[in-house]
Every structure is written in structure tokens, then in C-alpha cells.
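J.: Provided herewith is a single structure, encoded as C-alpha cells, for subsequent inquiry.
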Amino acid sequence: MRLSLPEEELMNSGHMACQGCGATLAMRYVLKALGQKVALCIPACCWSVIDGPFPYSSLDVPIYHCAFETAAVSASGVKAGLEMVGDTETTVVAWAGDGGTFDIGIQALSGVAERNDDILYVCYDNEAYMNTGTQRSSATPYGAWTTTTPVKHFKNRPKKDMEAIMAAHRIPYIATASVGYPEDLFKKVKKAKDIQGTRFLHIYAPCPSGWKSRPEDTIKLARLVVQNAIFPLYEIEWGEKYTLNIKIKEKKPINDYLRIQGRFRHLKKEEVAFIQEEVDKKWERLLANVNGNQ
Amino acid sequence: MGNHALSYGAMLGRSQVIAAYPITPQTQVVELLSEMCADKTLDAMFIKVESEHSAMAACLGASLSGARTFTATSAQGLALMHELLHWASGGRLPVVMGNINRAMAPGWSIWSDQNDSLSQRDTGWIQFYCANNQEVLDTVIQAFKVSEKLLIPSMVILDAFTLSHTYEVVDIPEQEKVDEFLPPFKPEITLTPDDPHAFGGLTSPEHYFELRYKLQKDMEKVEALIEKTGREYEKMFGRYLGIVEEHLCDDADLIFITSGTMGSTAKVGVDELRKEGIKAGNLRIKVFRPFPFDVVRNVIKGARKVAVVDRNISYGHHGMFFQEVKSAVFGHSDGIPIFGFITGLGGRDITPSTFREIAQYVREKEKPEENIVWIGVKK
Amino acid sequence: MKKKNRAQKIIFKSEKEFPLMPMSVGSMLFNKTGAWRNIKPVIDLENCIQCGICWKFCPDVAIIIEDEWPVIDYDYCKGCGLCAEECPSKCIAMVEEEK
């Protein structure tokens, strides 16, 4: 039997995640790639609950449950502290949800990236403030239902382009990843681990509870979203060099992806067509950036 | 200047991680520390954060990893850190911070006022109020020792401009002697993969209460530790800080209770009053948190009247030193009338004549008729 | 598994037993999340091709590899169905939990 990932686990069973949670798979794979010599800074997000309450933890690595807005800069502080007490080996990771990255945490993240502080920032994206019960974030895609964007006023602003924002900071490494492509994710984390400076990893993590999808569809969604180019997998180095990791010959239609999620069920044909148009345009822009390298 | 005394204290204390954001009138603290880090006078990492909230966040992360941390701020910056001040104390992280007392906006003010630090009196930080540059430097070094022993953060507070920007001669202790007095920070438990724990996780009603009980119990040991540390410092460096500074209180009929630089001004006022035959005295409170109940009760028990002077106000209530002194004295020296005065907000000058005015007012009254007597307001 | 047998529910009888700050001192392995499920996966080893995909996609680390074969740890399996859904040879069935 040849497993495609190392067998050793740093995440244990017994955690509090919902059935079929994409965020737990993200953590499981990232820890496999990083190994035990890490320190995680986790702000308020699903993972601050998934890990388990005091006095327990479900991870075999140290965690600092930091204040909501501070994931990135708490990690900077931890990294500086560890260095000053003689530990230059431990990889310091900020592990935040989309809320703590795109919204309340964006200032600290921008500060860290501008200074190029030596941390690995991982955003696991379930596209809303899931921990507090599915309120919209700026990572919520156009058309989605959330409790603060009910069906009559569904989210009508596009998802914030976090990669473009991070690229503007000219940091050494940015990558998108999906739990539907664990080997690609693993490779990227391994690559990021050995780079000095601010590294930003954006992982797509489906949430059956908030998306109103079946728990068993989590991986299917995480694959479809790449294959229809809503969430393409690519890397950006130093804000300039774009590399596409999963090449798509023909984009899958977005409808297969939208209709197995309750949060999109209300969409009318014209609205779906609009979304498809936007996806197509964004894909062309990405290809232009990728080809601009050649 | 007073600000530089903070920087020297942080340097001699061998701070390891400093994260700070500039704000008038604190800027000189961080500018000098920046230079010290750049030319390696101080072996520390200086994180040039983009806000005060991030400054405290970085300090907390570094402290949790086992490094000695220092930061400085003022008014709006301190207020911005408010959420994280609770983190520092609840997380038992011994960060030492300099705060320059400056009035809270609006309107924009850069001048001296105690509301900023006093608004944080409930956050579980030790609070030292200084009145001269020597005191600032000595307090920072001792604050590291006290904070690290009991794992409670400290703030060392200076008045804007009257202390932060005033130049005075300061005796700077030798690094070797400070090292002897203050050994490196070596907490038992830190954030490290060698001994992994999750810090600060979800805490239910089953557990939160005891954790906070422990913080208060340790706060109750701080006063004695400050005393002990102060005596150790006196042995090595010849200067004793103390919890309060008493000036002619022993036989005083009227005792002013003050803090910060107005406490020095009060001494001049007291001396002038004494020349006129009025037995005045001044009690300058140096340690406000934990509140020195016994010391205060003891000093004022022989007085006929007490006048507490606040450069702050808790809206809808009274001056905050006034509130705390009254609560300390309740049930003890109940007979002594305690008068509350508010003056100097937003940096309005406090001079020896302020104290003469207060003494005059108090002389004409048997007991307080109002809870706030405003001195200096153009009514 | 030795790790899960050592994990216990922690009860503090007095404040003296608490750590100074909220800090974990035990593992969540004491929490047998198997109690959450209504349906459970059953692997038909006859048709299993030993690809490891079920092990890879379990969010609860409730599938372990023993002697090159996948084994479900029913103490923790939450019954999400990802293993059954992703299995390429469709040899995992989701069956109703017995009472």
C-alpha cells in the first residue's frame, strides 16, 4: 500500500468539528507537511473551537489562541520571541479563517507582509464567519446566502481578491490550495516551509454546515471549485511570477458546483450566467498573468 | 528626558522584543530604542508594527514564547490596546509598558491628563505613577522583576511633557549591576513544540472563575513584592522607590493626596503653606494598582482633613483617586472628611497656587459639600 | 492505540490544581465523537483495492492503516460519509447505526 502522504498524524481524533469539515482536512495536511516543530497562532475562528476547550487540545503542536485581529502579528511576535530565546528552527504559523484574514485581521496581515516578517500565514477559507453561525465575510462569493445576506439580499459583491492584495505587498510566496488536492497542498506547504519571509497560503475548505451541502460532498466540492476555475490553484512569487499548478483544458460548468450547495439554491438563471461570466473573465486575467511570465 | 529614561530602563533591563507605534508624546521612547537596537547597544528585535493594537499583540506573542518584552504608548494608543491589556493579565504575560498620560480625544490633545491610564485600572495591570526621570528609570527595571515573578504585566506612567519631555540629571546604573539585580526571564512554561500546550482556549463557566481568582490572589501579593524588590534595589543602587512618597504627613492637619508630577508641585505648595503656619502635607501615590489600602489608611489617620487631587474624572461619578481613597478609608478613618478636587484636565497647568486654593477652600468647610470641586474651570 | 487509552476527562477539584493561565493539559482523545453519528461506514475488504483514499480524506483521523488494510475507529467516526463517497471501488457502505 503506497500512501500519497506521510502516515504520521499530528492532529488527533475527538475534535469538535462538524461532520465533513474541510477545515480539519486543511489542518491535517498542513501539519503533515510541516512536522512537529511548529507553533500555531489561531485567532477566533472555527479552529479555536475545533481544537477543543480548556483544558484539552487535539493537536500535538503548541497553539496560541490569540485575539481575533492579530493572527499575523501575534505570529510575528512569537517568531521574534522564539528567535531571541534561541529557537530559530520552529516554523511559526498564523492559522486563521477567512474572517480573521480578509476582514478584521487584514491590517495586521498587511503590516506583517509589508515588513516581510518571517511567518507562514495560512488562511483556511470556508467563505463566511462560520464560527458565529454563517454571517457574510468579504470572502463570501457573489450570490451566496448567509444569515446577514438572506436570499432577498444575497451577497452582491464579489469575493475579495486576496491573492492580488498579497501580491501587491511583494512577498516571496503566495499560493492557493484546496483540500480536494491534498498532494498539491502538501507540496506547497513543504515549499513554503523552506522560504524566509512572509508566505501566504489560501486553502479552500468547504463547510457543509454553512454551505448547506452534504458532508460527504466536501471533497467533491473542493475538486469542482478548481476544475471550474472559480478557485484556480496557482502560485505567485515576489508578487510577479505566476505559476498555474492545475491546468484546465476545459472548464467545468459552474452549475454542477452551485446546485449541490443550499446557499446557492435561490439563484436564478441570469444570476448564474452572471457568475459564469465573472469566473470566465477572472480566469482570462489569471492566464494573462501566467503567460506574462513566459 | 523622561521618555529617554524609559528607553534606558528598557535597555538596561535587557528587553528582548520591542514592538511599538509612535504617538506624541511617546515618540522619543521608541526612537531612542530603535537607535539602541540598530547599533546593538541593545540586543533586541524591534518590530515596527502598524498600530498600537498590533504592538501589544506582538509583545504578547513574544512574551508567551519566553522573551522579555517592552512597549510604550499614550492615550489613543493605550485605548486601542484595551482588548489586549485584558489578554496580557489574563494570559499572565509580564509585559512592561511605558504610558505617557495624555488626554483622550476628542478634541485632539497631546497634553497631560490621567484618564487614559485610569480607564485601564480594571484590566489587571500593575500601575506605577512617576514624578521624575530617575524614578522612571528605576521603576522600569524593578517592574520587570516584579512582573516576571508574579506573571502580571506592569505599566510605568509619566505625565505628558511635564515628565516625558523634561530633562533632568539621571544616575544610570551599570549594566553588570542591573544584570545581577535582574536575571534573565526564564518562565517555566512557554510556547514551544518541545512541550506543546494550547494557550488561551475556550474556557467554560466551569473553569474561568478559578483562573481569574488566581490572578487576583497574585495581585494581592504584588504590594509586598514591590516593597521587597524596592529594598533589594536600594541595597544595590542606593535609591528606594516605595509605594508612596510622604512629605510632611506625620503632623499634618491637611493632607493632599496626589500622583504624578503634580505630586512634586504639591510639595512646593505644602512648603509655602507651612511657611504661613498651615500644617499641610502631601501623600504622593506611586503604586495605584494594586491599591495600597493599608499604607493610605495609615498615613492619613492622624489628619484633620484630606484633599484628593485628581487630574482625571470618571464621568457620572467623581475623580478616580478620590473614589479609591474613599473606598479604602471607609470603615476605617470614617471621621476624617475627604474632599475631592478635579483640575488640570487636558494639560491645564497645575501650580503651587492650585494647592493654596485647595487649602483655602478646605479651611472654610467643615466637611465636603460636593463630591467634585472643580479648580481652574472658567465657569 | 496507546494515545487514546491514556486520554482522560480532566476534573479540577480546587483552584490549586489549575494551571496559572488557561493552558491545555490533556488530549481531546478522551472525547469519543463516535457518539455523534447516525450512520456508519462499513468497509468490504474483499473489494478494497488498498488505495488509501479513505484514510486520506477522513476529517476525524478515524481510519487507520493496520497491516496495509484500512480499519475504521468507531470510537471517533462521526459518520460524515466522505470515505464512502470518495472510495474508487465503492466498497464502503453507509449503514444505519444499531441502537
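What follows is calculated from the coordinates using simple rules that are stated; it is not laboratory data. Remember, it's a predicted structure, so these values are computed and weren't measured experimentally. Cβ sites come from the backbone with ideal geometry, for glycine too, and all protein chains shown count toward neighbours.
J.: When B:Arg14, B:Arg311 are ordered from fewest to most other Cβ atoms inside 10 Å of their Cβ, what list results? Numbers along the way, then the final one.
T.: Working: B:Arg14 20, B:Arg311 29.
Ascending number of Cβ neighbours within 10 Å: B:Arg14, B:Arg311.
J.: Using Cβ counts within 10 Å as a stand-in for footprinting exposure, how do B:Trp108, A:Trp283, C:Trp69, C:Trp55 rank, fewest first? If you can, show how the numbers build up before the last one.
T.: Numbers: B:Trp108 8, A:Trp283 16, C:Trp69 12, C:Trp55 22.
Ordered from fewest to most neighbouring Cβ atoms within 10 Å, B:Trp108, A:Trp283, C:Trp69, C:Trp55 come out as B:Trp108, C:Trp69, A:Trp283, C:Trp55.
J.: Would you mind telling me the antiparallel percentage of the DSSP bridges in chain B, rounded to 5? Don't skip to the answer; put the middle values down first.
T.: Values: 6 of 42 bridges.
That works out to approximately 15 percent antiparallel.
J.: Still on this model: Counting only other chains, what is the mean number of Cβ atoms within 10 angstrom of the Cβ of each residue in peptide B:200-212? Please list the in-between numbers first.
T.: Values: counts 12, 16, 11, 5, 2, 0, 5, 8, 2, 2, 6, 8, 1.
For peptide B:200-212, the averaged partner shielding equals 6.
J.: Over all residues in A:16-29, what is the mean tally of Cβ atoms on other chains that come within 10 Å of each residue's Cβ?
T.: Average per residue, whole number: 4.
J.: How high is the FRET efficiency from B:Glu276 to B:Arg304, r the C-beta distance, R0 25 Å, rounded to 0.05? Kindly include the intermediate steps, with their values, before the conclusion.
T.: Numbers: r = 16 Å, r/R0 = 0.66.
For R0 = 25 Å, the calculated efficiency reads 0.95.
J.: Also: By count of other Cβ within 10 Å, fewest leading, how are C:Met23, A:Met16 ordered?
T.: On the way: C:Met23 22, A:Met16 19.
Exposure proxy ranking, most exposed first: A:Met16, C:Met23.
J.: For the stretch A:22-291, divide the Cα radius of gyration by the Kirkwood radius and give the resulting Rg/Rh value with two decimals. The partial results should precede the final answer.
T.: Working: Rg = 17.8 Å, Rh = 18.7 Å.
Ratio value, two decimals: 0.95.
J.: Also, I was wondering about something else. For the stretch A:163-253, which GluC sites (Glu not before Pro) pass both filters: DSSP loop (anything but H, G, I, E, B) and at most 16 other C-beta atoms within 10 Å? Spell out each step's value before the answer.
T.: Numbers: sites: A:Glu163, A:Glu183, A:Glu216, A:Glu235, A:Glu237, A:Glu240, A:Glu250; in loops: A:Glu240, A:Glu250.
Those satisfying the criteria are A:Glu240, A:Glu250.
J.: What angle, in degrees between 0 and 90 and rounded to the nearest 10, separates the Cα long axis of helix A:22-34 from the longest principal axis of the Cα atoms of chain A?
T.: Long axis of A:22-34 versus the principal axis of chain A: about 40 degrees.
J.: What does the structure give for C:4-11 when I average, per residue, the other chain Cβ atoms found within 10 Å of the residue Cβ? Walk me through the numbers on the way to the answer.
T.: Details: counts 3, 0, 0, 5, 0, 1, 4, 2.
Per residue, the number of nearby Cβ atoms from other chains is 2 on average.
J.: Nearest 10 degrees is fine. How inclined is helix B:133-150 to the longest principal axis of chain B, computing both from alpha carbons?
T.: 60
J.: Where the only charges are on Cβ atoms (+1 Lys, Arg; -1 Asp, Glu), what is the dipole of the protein assembly as shown about its Cα centre, to the nearest 20 debye?
T.: Details: 89 positive and 98 negative charges, 323 e Å.
I would put it at about 1560 debye.
J.: Which of A:Lys191/A:Lys212; A:Lys212/C:Lys90; B:Lys301/B:Lys367; B:Lys221/B:Lys286; B:Lys145/B:Lys305 have a Cα-Cα distance over 27 Å?
T.: Details: A:Lys191/A:Lys212 34 Å; A:Lys212/C:Lys90 25 Å; B:Lys301/B:Lys367 16 Å; B:Lys221/B:Lys286 17 Å; B:Lys145/B:Lys305 37 Å.
Listed pairs above 27 Å: A:Lys191/A:Lys212; B:Lys145/B:Lys305.
J.: Also, I was wondering about something else. I want to verify a result. In a Gaussian network model of chain A, Cα cutoff 10 Å, which of these has the top mean-square fluctuation: A:Asn126, A:Asn12, A:Asn228?
T.: So, out of A:Asn126, A:Asn12, A:Asn228, the one fluctuating most is A:Asn12.
J.: For the charge dipole of the protein assembly as shown, defined by +1 on Lys and Arg C-beta atoms and -1 on Asp and Glu C-beta atoms about the Cα centroid, which residue among B:Leu84, C:Leu82, B:Phe321 has the Cα displaced farthest towards the positive pole?
T.: So the residue we want is C:Leu82.
J.: Related question: Taking the DSSP beta bridges in the protein assembly as shown as the whole, what percent of them are antiparallel, to the nearest 5? If you can, show how the numbers build up before the last one.
T.: Numbers: 26 of 90 bridges.
Antiparallel bridges: around 30 percent, rounded to the nearest 5.
J.: Quick one: angle between helix A:218-227 and the longest Cα principal axis of chain A, in degrees between 0 and 90, rounded to 10, please.
T.: Rounded to the nearest ten degrees, it is 70.
J.: Sticking with this structure for a sec: If you take the charge dipole of the protein assembly as shown about its Cα centre, with +1 on Lys and Arg Cβ and -1 on Asp and Glu Cβ, which of A:Ala80, A:Ile63, A:Ser178 is farthest toward its positive end?
T.: The one lying farthest along the dipole's positive direction is A:Ser178.
J.: Post the alpha-carbon centroid distance, the stretch A:163-180 to the stretch A:45-70, in whole angstrom.
T.: 24
J.: Roughly how many whole Å is it from the C-alpha centroid of the stretch C:45-99 to that of the stretch B:49-80?
T.: Centre-to-centre (Cα) distance: 47 Å.
J.: Simple spin-label model, 7 Å along Cα-to-Cβ: B:Asp334 to B:Glu174 in nm?
T.: Reported label-point gap for B:Asp334 and B:Glu174 is 5.7 nm.
J.: What's the longest bit of chain A with no exposed trypsin sites (Lys or Arg not before Pro), using DSSP loop states and at most 11 other Cβ atoms within 10 Å as the test?
T.: After excluding every exposed loop site, the longest remaining stretch is A:3-246.
J.: Whole Å is fine, so just give me how far the alpha carbon centre of the stretch B:137-155 lies from that of the stretch A:80-107.
T.: 27
J.: Treat every Asp and Glu Cβ in chain B as -1 and every Lys and Arg Cβ as +1, leave all other atoms uncharged, and give the resulting dipole magnitude about the Cα centre to the nearest 20 debye.
T.: The dipole magnitude comes to about 740 debye.
J.: Can I ask one more? For Cα pairs less than 8 Å apart in space and 6+ apart in sequence, what is the mean separation divided by the residue count of chain A, i.e. the relative contact order in percent? Can you show the working numbers first?
T.: Values: 576 pairs, mean separation 50.1, N = 294.
It rounds to 17 percent for chain A.
J.: What do you get for chymotrypsin sites (Phe, Trp or Tyr not before Pro) in the stretch B:135-167 restricted to DSSP loop and a cutoff of at most 12 other Cβ within 10 Å of the site's Cβ?
T.: On the way: sites: B:Phe144, B:Phe161, B:Tyr167; in loops: B:Phe161, B:Tyr167.
Here the sparse-neighbourhood loop sites are B:Tyr167.
J.: Now, a different point. Straight-line reach from C:Lys9: which lysines have a Cα under 26 Å away, not including same-chain ones fewer than 8 places off?
T.: Hits, sequence-local ones excluded: B:Lys214, C:Lys32, C:Lys40, C:Lys78, C:Lys99.
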